[in-house]
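This report concerns only the one structure given below.
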Amino acid sequence: MTEHLEEIVKKYSFPKRAINASVEIAEIESYSKLKLPKDYVFFLENYFGIDQFIGFEFIKLWNLEEIIEFNKNYNIIEQLPHTIGIGSNGSGEFIGIKFDQDENIKIILSPFIDLDSKYNIEIGTSFTDFLVRLDNGIDWFP
């Protein structure tokens, strides 16, 4: 899984983290009460957020220092249990990680305005799968 992730971050020149983060993964997990997936933790620990097209879709992935702030500002964790925002598409929707009752995850796209899980669109079965789908030009909308 990490191999595919490393290929994508190299292909799209994700900015490499050169300094230690001022926020720890443990702080985000404590705030969200969620255990972040290993591939996403790898991304956070090694790269800054991005703000660019991957395939045909524009995405903004928040960096480690922004995650708690943006989740608080948009009330994502409070309004959508078992979900944490990790970025946006730059046009009114956030990208998030949703955990089910068995701790399986889905990467979702959902509106910032009406935080209701009925509007969630699955855009990946893991963080890596989400990026691979984008790289392969798979549309977010069925």
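For the structure I just gave you, tell me whether Ile19 is of a type in the set (A, V, I, L, M, F, W, C), surrounded by 14 or more Cβ atoms within 10 Å (Cβ to Cβ) and at pLDDT below 95. Spelling it out, it is not the case that Ile19 is of a type in the set (A, V, I, L, M, F, W, C), surrounded by 14 or more Cβ atoms within 10 Å (Cβ to Cβ) and at pLDDT below 95.
A quick yes/no check of all residues on (1) polar (S, T, N, Q); (2) on the phi > 0 side of the Ramachandran plot; (3) more than 12 Å from the chain's Cα centre (by Cα); (4) surrounded by 13 or more Cβ atoms within 10 Å (Cβ to Cβ):
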| residue | (1), (2), (3), (4) |
| --- | --- |
| Leu64 | no, no, no, yes |
| Asn75 | yes, yes, yes, no |
| Ser88 | yes, no, no, yes |
| Phe94 | no, no, no, yes |
| Ile113 | no, no, yes, no |
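Restricting Lys60, Lys35, Lys10 to those that are of a type in the set (Lys, Arg) and part of a loop (DSSP other than H, G, I, E, B) reduces the list to Lys35. Name the single residue, out of those in segment 115-142 being closer than 19 Å to Lys38 by Cα, touching a residue at least 40 places away in the same chain (Cβ under 8 Å) and of a type in the set (A, V, I, L, M), that is surrounded by the most Cβ atoms within 10 Å (Cβ to Cβ). If we take residues in segment 115-142 being closer than 19 Å to Lys38 by Cα, touching a residue at least 40 places away in the same chain (Cβ under 8 Å) and of a type in the set (A, V, I, L, M), then Leu131 is surrounded by the most Cβ atoms within 10 Å (Cβ to Cβ). Of all residues in segment 13-50, how many are touching a residue at least 60 places away in the same chain (Cβ under 8 Å) and among the hydroxyl-bearing types (Ser, Thr, Tyr)? Number satisfying all stated conditions: 1. For segment 22-31, taking the residues that are surrounded by fewer than 14 Cβ atoms within 10 Å (Cβ to Cβ) and over 16 Å from Phe42 (Cβ atoms), the one that is modelled with the lowest pLDDT is identified as Ser22. The set of residues in segment 87-142 being of a type in the set (S, T, N, Q) and not in a helix (DSSP H, G or I) consists of Ser88, Asn89, Ser91, Gln101, Asn104, Ser110, Asn120, Thr125, Ser126, Asn136.
Condition (residue is hydroxyl-bearing (Ser, Thr, Tyr), modelled with pLDDT under 95 and over 24 Å from Glu3 (Cβ atoms)) applied to segment 89-96: is it met by at least one residue? Yes: segment 89-96 contains one or more residues that are hydroxyl-bearing (Ser, Thr, Tyr), modelled with pLDDT under 95 and over 24 Å from Glu3 (Cβ atoms). Look at segment 89-114: where a residue is small (Gly, Ala, Ser) and a partner is part of a loop (DSSP other than H, G, I, E, B) and at pLDDT below 95, sitting 6+ places away or on another chain with Cβ atoms under 7 Å, you get Gly92/Phe112; Gly92/Ile113; Ser110/Asn120.
For segment 26-62, filtered to residues that are within 24 Å of Asn136 (Cβ to Cβ) and of a type in the set (D, E, K, R), the residue that is nearest to the chain's Cα centre (by Cα) is Lys60.
If you check Phe42, Phe70 for being modelled with pLDDT of 95 or more and out of contact with any His (no Cβ under 7 Å at 6 or more places or on another chain), only one passes: Phe70.
The values are calculated or read from the model by the stated rules, or taken from the named source; none is laboratory data. On a predicted model such as this, the values are computed, not experimentally measured, just so you know. Ideal geometry is used to build each Cβ from the backbone, glycine not excepted, and the neighbour counts take in all protein chains shown.
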